[in-house]
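**Student:** There's a structure below that I have some questions on.
The values are calculated or read from the model by the stated rules, or taken from the named source; none is laboratory data. Not measured: the values here are computed from a predicted model. With ideal geometry, Cβ positions are generated from the backbone for all residues, glycine too; neighbour counts draw on all protein chains shown. The protein model used for the area step is the full one, side chains on, heavy atoms only, and it has no ligands, DNA or RNA in it. Shrake-Rupley method; radii C 1.70, N 1.55, O 1.52, S 1.80 Å.
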Amino acid sequence: MAHPNRLHRLRDTHAVPLLALTAFLAAGCSGLVGAAADGNVAAAKPIAPLPVDPNVPTPESVLGHAPGNQPVAYDALVRYLHALADATPRVTLTPYGESYEGRTLYYLTITSEANHARLAEIQAENAKLADPRKLAAGETAETIAGRLPAVAWLGYSIHGDELSSTDAAIHVAYELAARTDATMRQWRDDMVIHVDPLMNPDGRSRYLAQLEHLSSMVPNPDYQSMQHRGLWSAGRGNHYLFDLNRDWLMQAHPETRGRIQAVLSWNPHLVVDSHEMGGLETYLFSPPREPINTYIPAKVMDWRRRFSADQAKAFDRHGWSYYTREWNEEWYAGYTNSWTALLGIVSILYEQAGVDGTSVRQPAGISLTYAESVQHHIVSTMANLATLHANRREIVSDMFADRQWAVSDAGPYNETFLLPPSPDRSRQERFIDLMRRQGIEMEVAQAPVEAGGVEDVWHQKVETLTFPAGTLVIRSAQPHRRLLHGMLAFDPRMSTESLVEEREELERRGDTRIYDVTAWNLPMAYGLDAYWAERIGDVETAPPTPPRATDGPSVRATTGKPYGYLIDFADSAVYRLVGRLLERGAKLRVATRAFTIGDRAYSPGAILLRGHENPADIAKILDEAADGLPVDITAVDTALSQAGPDLGAERFVLLQEPRIAVACQWPMNPQSFGSTWYWLDARIGLRVSLVNAQYLRHFDLRKYNVLVLPDAYGADALAGVLGDDGLKRLKTWVEAGGTLIAIGGAAQCL
């Protein structure tokens, strides 16, 4: 017997009769219950239930409660997903990734049995429309589109503390799978619908555990109560507290990488991204306001307005409040919605006022319940699917037309991106791997490349420039042309209208209208030189080789007994190597001056391992530590340099094994903490102690030689937590040789 979730008896929402939820009107909106004057869910309206397949299990039969009665936990969700897929051939369940904490991510595919029998064919034909170069002789887009179902991807709860949409996804999946009325049969014939019910299982599980801990026996609709806030880390981000809705550009995390691979494999025509916002709000949906990313096609914006009009009608039938075109802008290319829009996909955002599984009393005195928040997402999803179904031919045609332009030589955005070889092979290979995962087509020049009209990241322009063999060449004429420029353009420009509005906002309120990131440049983020060229000459090219996964060390031998080993610091993989060597007890020294030995020049930062200072099996230790890293290790048989300091000089400083502490908890910024933790732990592989900032003044700092203070919510807040005594102890620790790294607001208080 499953352990019962105590939250069900702490909630003040009432179970919603399932078949009241499933009553679906022809216009595309579910017949859902309303709210009584006291804020509780009213009795279901007497609507004749629609016919359902009795073999398809209801959510209640598996979960023990109806969607909207309480937030569903991950394990219970997975049980229902499997039960649904096992019960009917209209549903399949596909794993697409695994979170850091080992939770599998799934999507359901719901369509007719006939479509399920030819899913591979549907995928292949849709891929032809997404890349018109794949059309065979005699094939036309019109012919394929006429027999091709529209494809929808419905995504829920990418932020783990935005609870209601996952519960809505459960009901949506049941309704799509179980209903047997003519409308739903037609939908399943004409559409392939993918339901991604929980995009951030680690965050949701963390947040539900916090709410369980903070819930009272008497529920409280006060929005300021901790029952609606959670603890410091809350559940918005994943295990490392990253905001996955901003990870579509960088794909740093496994949840995003798996999801993008799945989305690109299906080339959907509609993407829904369901969220929550502040509990005192109403409901927001697309279209966004300016600034909007330069490269998003006008047709996508047109379709968003049409979808919005239908969604508004669905809400108007119930008298629900909503709004559009307010705070939500779409400038940054890494949101779910902007990233998919750059592929020509009609993408729709929802933002429901969040009540954290209970209810929130809003300013007008009406309590918004969890059941109602779930209902709003259900109605929104069904309204969007109805619009897709009614306009599927035109939507598919518009997406195909945009891809036809993308693969052509027509402008605009027709430059070629050039990335010359970098001495930091690891960074360049990570960049190439990211482009590959983004679906970007690339080539590597096998000979020098002559380019004209060249511009670098600093806006320096050169009429002609020759690039060496090995240069990465990315041509604009490819299916993901818009995404390519959205990711790699050096200086995209906001519209004049949005700049005027921004200036007015700054002058009137002293604040910006920009919701998030204002600028990004991936080559600069990777520390790589990059260029755009208006034209390039003919050059032989070949596909880039996949990143090396298991390269061992490249050890250059010596003629006699090695004096020691030198490691060039040109490649950033050396950071991980240094951590592994220190963990194994090796003694490393770092050069503070340039030097030359064996006719090879080394820059400051090169690593030296003296043989007499290290274990007798240091060669074996090096070999094991360097496994899988593209590093360059050279054995040397002398300490005498040809230029610069000799290898026995004091210019080679002994490194100490890092004993790292990273401050967390309030008032540290969770995302700043999370990125620091991720970098040291997951990327570099160093052992770190996560210490509570509120107790730093009491800790024995002598246990650590490095202390990282992530960005704080305010210098005054951190100073107040540390106190005069804590600041004095930090100063004493630094004077004794400790290394203090303070970021952002944390640096301001020191």
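**Student:** Just add up the charged neighbours of residue 57: K/R +1, D/E -1, any other residue whose Cβ is under 11 Å from the Cβ of residue 57. If you can, show how the numbers build up before the last one.
**Tutor:** Working: positive: 79; negative: 53, 60, 86.
Net charge around residue 57: -2.
**Student:** Still on this model: Between the range 666-728 and the range 364-381, how far is it from one alpha carbon centroid to the other, in angstrom?
**Tutor:** 39
**Student:** Starting from the Cα coordinates of the chain, work out the convex hull volume and express it per residue in Å³.
**Tutor:** Roughly 200 Å³ of hull volume per residue.
**Student:** Can you give me the C-alpha center-to-center distance between the range 284-343 and the range 63-107, rounded to a whole angstrom?
**Tutor:** 28
**Student:** While we're looking at this one, here's another question. Quote the FRET efficiency, to the nearest 0.05, computed for residue 119 versus residue 540 with a Förster distance R0 of 41 Å and r equal to the Cβ-Cβ distance. Present the calculation step by step, with values, prior to reporting the outcome.
**Tutor:** Values: r = 39 Å, r/R0 = 0.95.
About 0.55, to the nearest 0.05.
**Student:** On the full set of protein chains, 1.4 Å probe, figure out the accessible area of residue 729 and give it in Å² to the nearest 10.
**Tutor:** 80
**Student:** May I pose another question? Using a 1.4 Å probe on the protein heavy atoms, what percent of the accessible area of the chain belongs to carbon and sulfur? Write out the running numbers ahead of the final one.
**Tutor:** On the way: 15780 of 30600 Å².
Looking at the chain in its full context, I get 52 percent from C and S.
**Student:** Sorted by packing (mean other beta-carbon atoms within 10 Å per residue), highest first, where do 613-625, 155-167, 198-210, 580-592 land? It would help to have the intermediate numbers written out before the result.
**Tutor:** Numbers: 613-625: 15.8, 155-167: 27.5, 198-210: 24.5, 580-592: 18.2.
Peptide ranking by packing, descending: 155-167, 198-210, 580-592, 613-625.
**Student:** All other residues with a Cβ under 10 Å from the Cβ of residue 574 taken together, and with Lys, Arg as +1 and Asp, Glu as -1, what is their net charge?
**Tutor:** On the way: positive: 576; negative: 424, 568, 571, 632.
Cβ neighbours under 10 Å give a net charge of -3.
**Student:** In percent, what relative contact order does the range 628-750 have, based on Cα pairs under 8 Å that are 6 or more apart in sequence?
**Tutor:** Working: 161 pairs, mean separation 31.5, N = 123.
For the range 628-750, the relative contact order is 26 percent.
**Student:** Here is a further query. Determine, for each peptide in 300-309, 349-358, 677-686, 502-511, the mean count of other beta carbons within 10 angstrom over its residues, then list the peptides with the highest first. Mind showing how you got there, number by number?
**Tutor:** Values: 300-309: 19.0, 349-358: 25.7, 677-686: 16.6, 502-511: 10.5.
So the order, starting with the most tightly packed, is 349-358, 300-309, 677-686, 502-511.
**Student:** Find the relative contact order for the chain and round it to a whole percent, using C-alpha pairs within less than 8 Å whose residues are 6+ positions apart. Could the numbers behind the result be given before it?
**Tutor:** On the way: 1527 pairs, mean separation 82.5, N = 750.
In percent, rounded to a whole number, it is 11.
**Student:** Now for a separate question. Grab the other residues whose beta carbon is less than 11 angstrom from that of residue 702, score K and R as +1, D and E as -1, and report the net.
**Tutor:** On the way: positive: 659, 703, 729; negative: 700.
Here the charged neighbours net out to +2.
**Student:** Ranked by accessible surface with a 1.4 Å probe, highest first, in what order do 545, 58 come? Could the numbers behind the result be given before it?
**Tutor:** Values: 545 110, 58 40 Å².
Most to least solvent-accessible, the answer reads 545, 58.
**Student:** List the residues of the range 140-165 whose backbone N lies under 16 Å from a point placed 7 Å from the Cα of residue 408 along the Cα-to-Cβ direction.
**Tutor:** 141-142
**Student:** Could you order peptides 490-501, 365-376 by the average number of other Cβ atoms within 10 Å of their residues, highest first? Before the final figure, lay out each step's value.
**Tutor:** On the way: 490-501: 13.2, 365-376: 24.1.
Highest mean packing first, the order is 365-376, 490-501.
**Student:** Would you mind computing the Rg to Rh ratio of the range 70-191 from its alpha-carbon coordinates, Kirkwood style for Rh? Kindly include the intermediate steps, with their values, before the conclusion.
**Tutor:** Working: Rg = 16.7 Å, Rh = 16.3 Å.
Ratio of gyration radius to Kirkwood radius for the range 70-191: 1.03.
**Student:** What does the C-alpha gyration tensor say about the overall shape of the range 682-750? Classify as rounded when a/c is under 1.5, otherwise prolate if a/b is larger than b/c, or oblate. It would help to have the intermediate numbers written out before the result.
**Tutor:** On the way: a/c = 1.69, a/b = 1.21, b/c = 1.40.
In terms of gyration-tensor shape, oblate.
**Student:** Sort all Cα-Cα distances of the range 232-355 into consecutive 10 angstrom bins from zero, then give the percent of pairs in each bin up to the one containing the longest distance.
**Tutor:** Histogramming the range 232-355 at 10 Å steps yields 12, 41, 35, 11, 0 percent.
**Student:** Roughly what percent of Cα-Cα pairs across the range 446-485 reach past 12 Å? Walk me through the numbers before you get to the answer.
**Tutor:** Working: 528 of 780 pairs.
Beyond 12 Å sits 68 percent of the P(r) for the range 446-485.
**Student:** Now a separate question. Stick to Cα atoms and the Kirkwood definition of Rh, then tell me Rg/Rh for the range 609-672.
**Tutor:** 1.16
**Student:** Ignoring ligands and nucleic acids, what accessible area does residue 413 show with a 1.4 Å probe (Å², nearest 10)?
**Tutor:** 60
**Student:** Regarding the range 148-260, what's the average projected area of the Cα-atom convex hull, expressed in nm²? Working shown, then result.
**Tutor:** Working: hull surface 38.3 nm².
Mean orientational projected area (the range 148-260, Cα hull): 9.6 nm².
**Student:** Also, quick follow-up: Equivalent ellipsoid semi-axes for the range 379-431, as square roots of 5 times the alpha carbon gyration tensor eigenvalues: give them largest first, rounded to whole Å. Before the final figure, lay out the partial values.
**Tutor:** Details: eigenvalues 305, 78, 9 Å².
After diagonalising the Cα gyration tensor, the semi-axes are 39, 20, 7 Å.
**Student:** Another question about this same structure. For a test of understanding, tell me how many lysine pairs in the chain have Cα atoms under 22 Å apart, given they are 8 or more places apart or on different chains.
**Tutor:** Lysine pairs satisfying the spacing and distance rule in the chain number 9.
**Student:** Using the heavy atoms of the protein chains and a 1.4 angstrom probe, tell me the accessible area per residue for the chain in square angstrom.
**Tutor:** Spelled out: the 1.4 Å probe surface of the chain, per residue, equals 41 Å².
**Student:** Note the full-extension length gain between residue 393 and residue 496 as 0.36 nm times their separation in residues minus their Cα-Cα distance, in nm to one decimal. Write out the running numbers ahead of the final one.
**Tutor:** On the way: separation 103, 0.36 × 103 = 37.08 nm, distance 3.44 nm.
Here the answer is 33.6 nm.
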